[in-house]
Amino acid sequence: MNRRDFIAGCAGAAVLPWLARAQSPMRVVGIWWSPVQARELLPRYRQRLAELGWVEGRNIRYELRIWDGDIANMRRQADELMATRPDLIVAVSNPAIAVLKPVAREVPVVFAMVADPVGSGFIDNLAHPGGNITGFTNFEPSMGAKWLEVLREAAPDTRRVMVLMHPETTAHKEFWGAIEQKAPPMGVEAIAAGVHQADEVERAFGAFTATGQRGGVIALPHAVTEVTRDLIIRLALAHRMPSIFAFEAHAHAGALVTYGIDRGDAIMRTADYVNRILRGAKPADLPVQAAERFELLVNLKTAAALGLTIPPTLLARADRVIE
């Protein structure tokens, strides 16, 4: 081999890795989260996937959509996401998966914070999901009773409780069943209030408080209670009603107590499944995993506004106290 051929060969060898990188396919990942989740977690999520080898602009492109809890809008957004020809979609909440399932076809979907994915018809079973959907579930049906217990412990004089729920959501029916069973032995009257949007939330509060009797409110986790969070908290304070939500952000927003999974941890865990699926794993073979971290938060500012003294035993169990 002469010198010119040797140099050309070396140059070609040096260029080949660069060409391989330049020609590597750009993977498209749809992100379909709530406004709070996108604002608080998306930068960390992109960084986590970059650590796993998926660098935005090099080998991955994100298609972001923010759902508002309105089903008609969510159907439109689902169609928009599918039009981008995604390799995978990461979606949060039962309504998002319910809308995606019939349109995603063969596109893998990784979910977080979905309750009862089997009973909701999203997967075959937890160990072997089957199909194109897998992810990370959040609450068992028994959590309904637990929310009632924690609310009653925070406000022992509570004798009536309004449960804000999305009546068409299977998991909410199960949460309500657990609450309905637990309430009578505790001497509590539980009243289900089905809501789909803000005006129905306002009407529910009006109907519940029309008798002049005080009570508490349980806001079951859902897109509708997420996007109307501030309204629910404002109305609860206005009517001097202790409230419980499922997630930490709600306590910071003014709910009296929150008890539930660390949703940041739950969403960040999906990055591992995204990485594995983009590298060839099948969603059907990846088991649905349960939540690992639960948190109890108490807002003492809200307690003071309601004229409540939180029992020391509950404060001692709290992971965080907002003062």
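Quick check on my filter: what residues within the range 77-116 are of a type in the set (Gly, Ala, Ser) and either within 23 Å of ASP285 (Cα to Cα) or surrounded by 21 or more Cβ atoms within 10 Å (Cβ to Cβ) (or both)? Answer for the range 77-116, where residues must be of a type in the set (Gly, Ala, Ser) and either within 23 Å of ASP285 (Cα to Cα) or surrounded by 21 or more Cβ atoms within 10 Å (Cβ to Cβ) (or both): ALA78, ALA91, SER93, ALA96, ALA98, ALA104, ALA112, ALA115. Screening the range 253-268 for residues that are touching a strand residue (DSSP E or B) at 6+ places or on another chain (Cβ under 7 Å) and modelled with pLDDT under 95 and picking the one that is surrounded by the fewest Cβ atoms within 10 Å (Cβ to Cβ) gives ASP262.
State which residue is nearest to GLY177 (Cα to Cα) when the search covers only the range 134-158 and only residues that are part of a strand (DSSP E or B) and touching a Pro at 6+ places or on another chain (Cβ under 6 Å).
The extreme case among them is THR137.
Among the residues of the range 179-230, the ones that are polar (S, T, N, Q) and within 16 Å of ALA255 (Cα to Cα) come to 2 in all.
Is there a residue in the range 157-166 that is surrounded by fewer than 23 Cβ atoms within 10 Å (Cβ to Cβ) and farther than 30 Å from GLU323 by Cβ? Yes - at least one qualifying residue is present in the range 157-166. Against the condition buried (at least 24 other Cβ atoms within 10 Å of the Cβ), in a helix (DSSP H, G or I) and among the aromatic types (Phe, Trp, Tyr), how does PHE208 come out, does it pass? Answer is no for this residue.
When the range 56-71 is filtered for residues that are at pLDDT below 95 and either in a helix (DSSP H, G or I) or touching a Gly at 6+ places or on another chain (Cβ under 9 Å) (or both), only ILE71 remains.
Taking MET74 as the residue in question, decide whether it is crowded, with 19+ Cβ neighbours inside 10 Å and assigned to a strand (DSSP E or B). It is false that MET74 is crowded, with 19+ Cβ neighbours inside 10 Å and assigned to a strand (DSSP E or B).
Among the residues of the range 86-128, which ones are free of Cβ contacts under 8 Å to residues at least 12 places away in the same chain and assigned to a loop (DSSP other than H, G, I, E, B)?
We begin by selecting, within the range 86-128, every residue free of Cβ contacts under 8 Å to residues at least 12 places away in the same chain; these are 102, 118, 124-125.
Once the filter is applied, which keeps residues that are free of Cβ contacts under 8 Å to residues at least 12 places away in the same chain and assigned to a loop (DSSP other than H, G, I, E, B), the range 86-128 yields VAL118, ASP124, ASN125.
Among the residues of the range 99-107, is there at least one that is farther than 22 Å from THR134 by Cβ and in the same structural domain as VAL274 (by TED's automatic domain parsing)?
The initial filter retains those residues of the range 99-107 that are farther than 22 Å from THR134 by Cβ, namely none.
Within the range 99-107 (the criterion being farther than 22 Å from THR134 by Cβ and in the same structural domain as VAL274 (by TED's automatic domain parsing)), the answer is no, since none of the residues qualifies.
Residues that are modelled with pLDDT under 95 and surrounded by fewer than 24 Cβ atoms within 10 Å (Cβ to Cβ) do occur in the range 237-250.
State yes or no: is ALA190 among the small types (Gly, Ala, Ser) and free of Cβ contacts under 8 Å to residues at least 60 places away in the same chain?
Values: among the small types (Gly, Ala, Ser): yes; free of Cβ contacts under 8 Å to residues at least 60 places away in the same chain: yes.
Considered against the rule, which asks whether it is among the small types (Gly, Ala, Ser) and free of Cβ contacts under 8 Å to residues at least 60 places away in the same chain, ALA190 comes out as yes.
The single condition from (1) part of a helix (DSSP H, G or I); (2) in contact with a helix residue (DSSP H, G or I) (Cβ under 7 Å, 6 or more places away or on another chain); (3) surrounded by 14 or more Cβ atoms within 10 Å (Cβ to Cβ) that LEU297 fails is (1).
Looking at this structure, is GLY135 buried (at least 24 other Cβ atoms within 10 Å of the Cβ), on the phi > 0 side of the Ramachandran plot, of a type outside the set (S, T, N, Q) and in contact (Cβ under 8 Å) with a residue 60 or more places away in the chain?
Details: buried (at least 24 other Cβ atoms within 10 Å of the Cβ): yes; on the phi > 0 side of the Ramachandran plot: yes; of a type outside the set (S, T, N, Q): yes; in contact (Cβ under 8 Å) with a residue 60 or more places away in the chain: yes.
Answer is yes for this residue.
Condition check ((1) within 19 Å of the chain's Cα centre (by Cα); (2) in a helix (DSSP H, G or I); (3) outside the structural domain of LEU88 (by TED's automatic domain parsing)) across all residues:
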{"residue": "MET268", "(1), (2), (3)": "yes, yes, no"}
{"residue": "ILE277", "(1), (2), (3)": "no, yes, no"}
{"residue": "LYS301", "(1), (2), (3)": "no, yes, yes"}
{"residue": "ALA304", "(1), (2), (3)": "no, yes, yes"}
{"residue": "THR313", "(1), (2), (3)": "no, yes, yes"}
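Scanning the range 211-232 for residues that are small (Gly, Ala, Ser) and surrounded by fewer than 19 Cβ atoms within 10 Å (Cβ to Cβ) turns up just one, GLY212. Test ARG214 against the criterion of being basic (Lys, Arg), under 25 Å from ILE267 (Cα atoms), in the same structural domain as THR309 (by TED's automatic domain parsing) and out of contact with any Ser or Thr (no Cβ under 7 Å at 6 or more places or on another chain), and give yes or no. No; evaluated as a whole, the condition is false for this residue.
The values are calculated or read from the model by the stated rules, or taken from the named source; none is laboratory data. Quick caveat: nothing in here was measured; it's all calculated off a predicted structure. Cβ atoms come from the backbone with ideal geometry, glycine included; neighbour counts cover every protein chain shown.
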